[in-house]
Amino acid sequence: MVSDKSRGRSEMVTPLRVLIVEDSEDDAFLMLRELRKGGYEPLAERVETAAAMEKALAAGQWDMIISDYVLPRFSGLAALHILKQSGQDLPFIVISGNIGEDIAVGAMKAGAHDYILKGNLTRLVPAVERELREAVVRRKRRQAEEALQRSYEELEQRVRERTEELSASKLELERLVGELERSNRELEQFAYVASHDLQEPLRMVSSFMQLLERRFEHQLDDKARQYISYALEGSQRMSQLISDLLMFSRVGRGTWNPAPVNLNELFSQIRSNCRTTLEETGAVITCDELPIVQGEPSQLSQLLQNLLVNAVKFRKQDVTPEVHVSATRQGKSWLLAVRDNGIGIAPEQHQRIFVIFQRLHSRQKYNGTGIGLAVCQRIVEFHGGRIWVESEPGKGSTFFFNLPAWN
Ligand SMILES: Nc1ncnc2c1ncn2[C@@H]1O[C@H](COP(=O)(O)OP(=O)(O)OP(=O)(O)O)[C@@H](O)[C@H]1O
Ligand SMILES: [Mg+2]
C-alpha cells in the first residue's frame, strides 16, 4: 500500500480506493499527491504486472483505476482488458508521459474513460470527480436494469406457474367430467337393467295371482279375492313406478342440440292432446302470445303438458279450473309462468314436490306416481334454466321456469 503520510489536515477528506497500474513509484507518488490536494484520502495499491493486477482486483473493492499507458512488462490496454474480464465496472483513467492523439483515441475505444498527460496532472482531480459521478450514474442505471430484469423474470415465472395451475385444473376438470359421464352411463344402464329384470318377476307375480284366481275361483271366498286384487294392484303400481323410473333416467340427457320451438304451436298441440281431461273438468285455459325458444321439442312438450295436467288435476272442488300461461323476456332467456286457481301448496313443500316420487296427497284422492315435476326439473335444467313454484294453500299456484330465447 502507498499510504498517506500527510494526515492531520482539518478539512473533510474523501477516501478513495485507487488501484494504480504504474512501474514508476515516483509517478505514483505524484498522482497521489495530486489527489490529496484535491481533497481525497487515497487508499492506493500500485501494481505493475498482469498477475498483480488480477490479484488486486480479486482481493479488494476499488473506486477506480489509474493506469500508465506503457509499462516495461505490462500496458494500459492489457490492464483495460483484465478489468473487462473481471466483470467490474470501474472508472479507468489512462496516464501517460507522452500520448499521441491516435493512442488516446485507441485507449478510449478500448474502454478507458479518460486520458491525462503526466505533465498535466492538474487535470487528474476534475477527471476523477467526473468519472466517480458517472460511475454512480452507471451503477444506478445498472441496478435499475437489473431490477427490471428481475421483475420480468418474476412475472414470467408467475405466468408459467399460473399456466401450469390452469392446465392442472383443466386436467382435473376433464377427469371429473369423464367420471360423471361414466357414472351417468352406469346409472342409465342400471335403470335399464333394473326395469327389465324387475318387470319380469313382477309379471310372474301378477300372472300367477290371476291364475290362482281363475283356477280356484270356487274355493275362494270374498276376502281371498280381495287380497288377490290388492296384490295385483300393487304389482301394477310397481310396474308403473319402474317404467317411470326408466323414463326419468333417460329424460334431459344427451347432447344439447337445440332447435327453434314455437311455444304457441306446442301449446295448442298439448291442448288437443289433453282435450278429454279439459272437457271433463270444464277447465279454462288461456295464454299470452308465447315466444320462440331454443330447445328439444319433445322435452318441452312433456314439460308443458306435465304442468298443465297438474294445474287441472290439483283443482279445487266445485271451482272451474283456470290456467294461464305467460312469458316475460329476461335478457337472453324467457321466464314462463303457468298459473292456476287450484288447491295450492304449503311453502314448506315447495322444494320437496320436485323430488322424484314425492307427493302430498293419497293416490285415492289424486292419481299419479309423483314423477311429473321431477321430470320437469330435469328438462328445465337440461335447457340451462331453473324451475320453482310460488303458492299458498287455497290460493292457487304459479310454476315459473326459464328457457333460452331463440333470438
Ligand atoms: N298445480 C299444482 N297445485 C297443487 N299441488 C301441486 C301442483 N302440481 C304439483 N302439486 C303437488 O306436487 C306433487 C308432485 O307433483 P308431480 O307432478 O311430480 O306428481 P303427481 O302429479 O302427483 O304424479 P305424476 O305427475 O307422476 O302423475 C303432487 O303430488 C302435488 O301434491
Ligand atoms: Mg304430475
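Summary table
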| read-out | value |
| --- | --- |
| Virtual spin-label span in nm between Thr255 and Glu186, 7 Å along Cα→Cβ | 2.5 nm |
| Sites matching chymotrypsin sites (Phe, Trp or Tyr not before Pro) across region 176-219 that sit in DSSP coil, with at most 14 neighbouring C-beta atoms within 10 Å | Phe216 |
| Convex hull volume of the chain per residue (C-alpha atoms, cubic angstrom) | 334 Å³ |
| Euclidean distance between Cα centres, region 291-334 to region 367-399, Å | 10 Å |
| Antiparallel %, DSSP beta bridges [both residues in the chain], to 5 | 55 percent |
| Distance between modelled label sites at Arg214 and Arg329, nm, 7 Å Cα→Cβ extension | 6.4 nm |
| Rounded Å value of the spacing that divides the Cα centres of region 174-229 and region 49-74 | 102 Å |
| Size of charge dipole - region 12-66 - debye, nearest 20, with Cβ of Lys, Arg +1 and Asp, Glu -1, no other charges | 280 debye |
| 10 °C / 1.306 mPa s Stokes-Einstein diffusion coefficient of region 257-341, Kirkwood radius on C-alpha pairs, µm²/s | 118 µm²/s |
| Net charge over other residues, Cβ less than 14 angstrom from the Cβ of Leu335 (K, R count +1; D, E count -1) | +2 |
| For Phe92, net neighbour charge (Lys/Arg +1, Asp/Glu -1) across residues whose Cβ lies under 11 Å away | -2 |
| Cut-off under 5 Å, modelled amide H: who pairs with Ile116 long-range | Val94, Ile95, Ser96 |
| Residue pairs, from the table Lys109/Lys140; Lys37/Lys84; Lys84/Lys109; Lys365/Lys395; Lys55/Lys140; Lys223/Lys316, whose Cα atoms sit over 25 Å apart | Lys37/Lys84; Lys55/Lys140; Lys223/Lys316 |
| Positive-end extreme of charge dipole, the chain - chosen from Asn310, Trp334, Tyr40 (charges on Cβ) | Asn310 |
| Dipole magnitude (debye, nearest 20) for the chain, charges at Cβ of Lys, Arg, Asp, Glu | 1040 debye |
| Relative contact order (%) - criterion: Cα under 8 Å, at least six apart; region: the chain | 9 percent |
| Residues of the chain: accessible area per residue with a 1.4 Å probe, Å² | 61 Å² |
| Region 1-139: equivalent-ellipsoid semi-axes (sqrt of 5 x gyration tensor eigenvalues, Cα, Å) | 21, 16, 16 |
| Exposure ranking of Val293, Val309 by accessible area [1.4 Å probe, largest first] | Val309, Val293 |
| Listed residues Ser301, Ser326, Ser24, most fluctuating in the chain (Gaussian network, C-alpha, under 10 Å) | Ser24 |
| Accessible-area composition of region 160-220, carbon plus sulfur, in percent [1.4 Å probe] | 59 percent |
| Region 107-255 - percent relative contact order, Cα under 8 Å, separation 6 or more | 22 percent |
| Cα-based convex hull, region 199-346, per residue volume (Å³, whole number) | 182 Å³ |
| Region 1-150 - percent of accessible surface contributed by carbon and sulfur, probe 1.4 Å | 53 percent |
| Heavy-atom accessible surface of region 338-407: percent carbon and sulfur, 1.4 Å | 48 percent |
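The values are calculated or read from the model by the stated rules, or taken from the named source; none is laboratory data. As the structure is a computational prediction, the values presented were derived from the model and not from experiment. Cβ: placed from backbone, ideal geometry, glycine included. Neighbour counts: every protein chain shown. Side chains are part of the model used for accessible areas, which takes the heavy atoms of the whole protein and leaves out ligands, DNA and RNA. Shrake-Rupley method; radii C 1.70, N 1.55, O 1.52, S 1.80 Å.
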